[in-house]
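Quick note: the coordinates plus some simple rules give every number you see, no bench work behind them. Model, not experiment: these values are computed from the prediction. Heads up, the Cβs are rebuilt from the backbone with ideal geometry, glycines too, and the neighbour counts pull from every protein chain shown.
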């Protein structure tokens, strides 16, 4: 039968500690006395397992050990080792197995504050597997084997480096999968890889985990702050966040030269795979490498081959530091293919502020070194990366001699943006001019080199703006964009197929002239575009294409860079004609016969109206954006000008995009009017109660309104809810006086645009009624007067192909409402209506309803800002109709049902209106709210239930409708009379 280990069975445990018989299964629970050796291939926990404060340095085996396979099955329980010292003998550890060591189905595995100075570290095995665990935690463990290197006294001397001894030490493989909540390695210390150190042939995999993975504040004395060694390290199909932060290593073996092998001593602040592959692949969560550091290469990741592909979550490499090469990544072969945004920012190194690529990385026997980057479904950006030995010098990527830039690409609407330059070197012997492809394999996005964001001081240093690509740059498709004073020097240039060169202000495409470089080739430009945004500024600088001693050939026609037409044609520079000297072409010869003057296709657009064209002759009567002569007093030869001609002789006509009218602002006055109306309508219940005395009423109110777009105006719809409290005095002669106050909350949506206005209304109302009695009839005169103050908050999202600009604004409305109504039995006086009036007990009424208000001016914040003037509007209507009452015969809770039906014509109206001004150019357009129909139907149903002699309950419904307009209101409440 299987053994049962319990915390109280220490005597039995002591007897069995030295047993060597093999059992099929061991059950383990509570505290225990190690070591346990060869007690079967499975250990099942019967309770939470704890091993604490054991000093096992002199043990002849691991705390738990097997000479073959060993599986620890948690059954949802926990496994904890805390403050234990592992054996120092041979490869023994806290837990070890000669073959496969498996941990499965634990609620948590926790190793905290343990120490080891032996070769086995904490967990040792040929194959180690962690599977189906909730929390996997290793914190503040110390695994520092000494000595880390040994040099023999033989001749020649042989120096051996020991890289083992870590928290996890697999010789063949480590698999961490299906961890559900957290994976945490914090504050661990070792010589190599404080979390994982594996043999050069081992495979380490973190796959299919939903847990958040956190590797932070770990330290090693020789390399790989968190993970070291192996032939492959794979993070794949994980859905939780992956975080490597504040990890570091030093180089305690500085000056030591191993006799064989590649160790990358002192490299990889987070990860070091000296001769293997690191893959970050198809993960859904955000991945972050930040504040990692090393005194040698790779502040974050050192790998012979590094593949970052298919990750849907954002990837951030920020503020990593290397004293030598590669602030974030140092690799021989680097392949980045993003499916989400990737950002390299504020990394520092002596070479390669963010990335270093070269054949010197990893195994020196392998010479193939390449760089491939593809942005897809998100931008890849390099910004703020620096060289730490040259303060003030920015650098994104350094490709050393022998390294090759294969392609720089962006897919679809994605961009690959270099705010920091690239440095590229060629071998001093037998260098070759290889192709560098922009947008390979059908990619059609934008590869951008820009110096935007640099300070004026930084712009004075050419190294901050100059990218060197030592090869023939070929644009296969999409665009290469050089703008904002960036310089790209190449050994040759050509556009192919749909590939496009786009030039912006100060952008320069030049000829690189490195010492000993291969022969350069001519520049051929078959498709040229310009970025109008960067040129339509007073401080613009003409772009330049300078082929030096090589020829420049232009064919085709000039086109506009793809752009947001709303932003472009809002620019104040286009109010009148303008001529832009966009580029100067220089070379041994400049051939432009295949690029004659012509028109630039200008699609239909809103904003300023006009047409673009281009010419090689300077327009003398049209100013440049800075107000001077285009090209200056003495323009350079072969200067290409882009010309904007207004649609009229005086200035460009401005047409505001209907999406930017913002009629929801004017319509908010309609909402305020309807709020006052709804608030006053529910006072009808108070007027219907004929119990004399002082009354207090409390009600809840809900409303829905919808108006469809009509006559070129926006529609709107909204839902609102609130409360009302009223105090009234009822007299025996049916005279009533009272006041009420309350609030309404709601949100209005524009139709068809994506604008939403949230409202908070404060309302105050005075009301009353009194009878007028004559010899022949009695009329009941009622009146209601309300004032409303509403706070409005507007959020607008614009529909754009590649982005969603958003703006916000706040303002307040003041509104008023007056209703005077006379109820009179005139239906009984008319021969046509008398039979119906008598049969249904109908009483006629006629009313005069006044609605009006005004709103404050305000200016939006955010994108595409607008300013709205003070607005106002009012409406007068004359409802005329009939009402009837029915009484139920119930004794305990009699009720009175009142129905009012009316024809409601609007006899005079000034639609809510104001003026919208585009902030960027101060162009103004008058706008007005929805143009409601003037004829409508009004229905009210009031049900008053007498709960007691002095308490009544209400349930009310109101319909106020016109063709294309619907307003539903529902209220319920209680009234008590004193």
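Results, tabulated for the structure shown:
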{"read-out": "Antiparallel %, DSSP beta bridges [both residues in the stretch 407-493], to 5", "value": "0"}
{"read-out": "Sequence of 415, 870 once ranked by neighbouring C-beta atoms within 10 Å, starting from the fewest", "value": "870, 415"}
{"read-out": "Rg and Dmax of the stretch 595-746, Cα atoms only, in Å", "value": "31.7, 100"}
{"read-out": "Computed [θ] at 222 nm, deg cm²/dmol, the chain (DSSP H ≥ 4; -39,500 (n - 2.57); rounded to nearest 500)", "value": "-1500 deg cm²/dmol"}
{"read-out": "Per-peptide average of other Cβ atoms within 10 Å, ordering 593-599, 177-183 highest first", "value": "177-183, 593-599"}
{"read-out": "Gap separating the Cα centres of the stretch 682-746 and the stretch 835-900, nearest whole Å", "value": "9"}
{"read-out": "Directionally averaged projected area (convex hull, Cα atoms, the stretch 350-498), nm²", "value": "9.2"}
{"read-out": "Percent RCO, i.e. relative contact order, over the chain, from Cα pairs under 8 Å lying at least 6 residues apart", "value": "4"}
{"read-out": "The stretch 658-977 - convex hull of the alpha-carbon atoms, volume per residue in Å³", "value": "131"}
{"read-out": "DSSP beta bridge pairing in the chain, given as percent antiparallel to the nearest 5", "value": "50"}
{"read-out": "Fewest-first sequence of 707, 217, 605 by Cβ atoms within 10 Å of each Cβ", "value": "605, 217, 707"}
{"read-out": "Label-to-label distance, nm, for residues given as residue 457 and residue 498 (7 Å Cα→Cβ offset)", "value": "4.5"}
{"read-out": "Degrees between helix 663-681 axis and first principal axis of the chain (Cα, 0 to 90, nearest 10)", "value": "50"}
{"read-out": "Exposure proxy order (Cβ contacts within 10 Å, fewest to most) of 84, 757", "value": "84, 757"}
{"read-out": "Distance between the stretch 310-343 and the stretch 444-522 - C-alpha centres, whole angstrom", "value": "22"}
